[in-house]
Amino acid sequence: MSKLSSRTTRALAFAALFAANAWTMPAAQAQPAGIARTDLQRHALSIAGREAVQVRVDIAPGVAFPNHTHPGEEIIYVLAGTLEYQVEGKPAATLRAGDVLFIPAGMIHSAKNVGNVTASELATYIVEEGKPLLTLAQ
């Protein structure tokens, strides 16, 4: 390999690494310690300007995800553990494995693991394309 192509390859690798880090950085900044989000799938819908996103969220015991919103609806299915959800204007709801919750678009909400094991949920979002999936509330 010539010096030029070796430099070009390194430059392209650096650019790709930088772009990947820049793309994932906002999600990492919004993710508190003790919370792991795993993106499972993302697809455009037949409804113009909307997409479906599925994410697995694992929350360590005692950890809370702070108040936030989504640019569309969120449908939650609890896979394991015990989670307490606080949705703006509603009483707190405690959900266990097998329970579900629907959160309307733009509604401020939070979740906390109130159990003694890691809690997991499958979150399905029907959201506007091109907008951040999650925005922390002020």
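Every number in this text was worked out from the coordinates using simple rules, so none of it is lab data. Predicted model only: the values in this text are computed from it and were never measured. Neighbour counts are summed over all protein chains in view; Cβ atoms, including those assigned to glycine, are modelled from backbone coordinates with ideal geometry.
Take the Cα of R96, step 7 Å toward its Cβ, do the same at I35, and the gap between the two points is 2.5 nm. Using the Cβ-Cβ distance between E129 and A60 with R0 set to 30 Å, the FRET efficiency from 1/(1 + (r/R0)^6) comes to roughly 0.40.
Near G115, the amide H atoms lying under 5 Å from its own belong to G62, T82; only residues 5 or more places off or on other chains count, and H is placed 1.01 Å from N.
Compared with the alpha-carbon gap, the fully stretched path from I108 to H43 is longer by 21.0 nm at 0.36 nm per residue.
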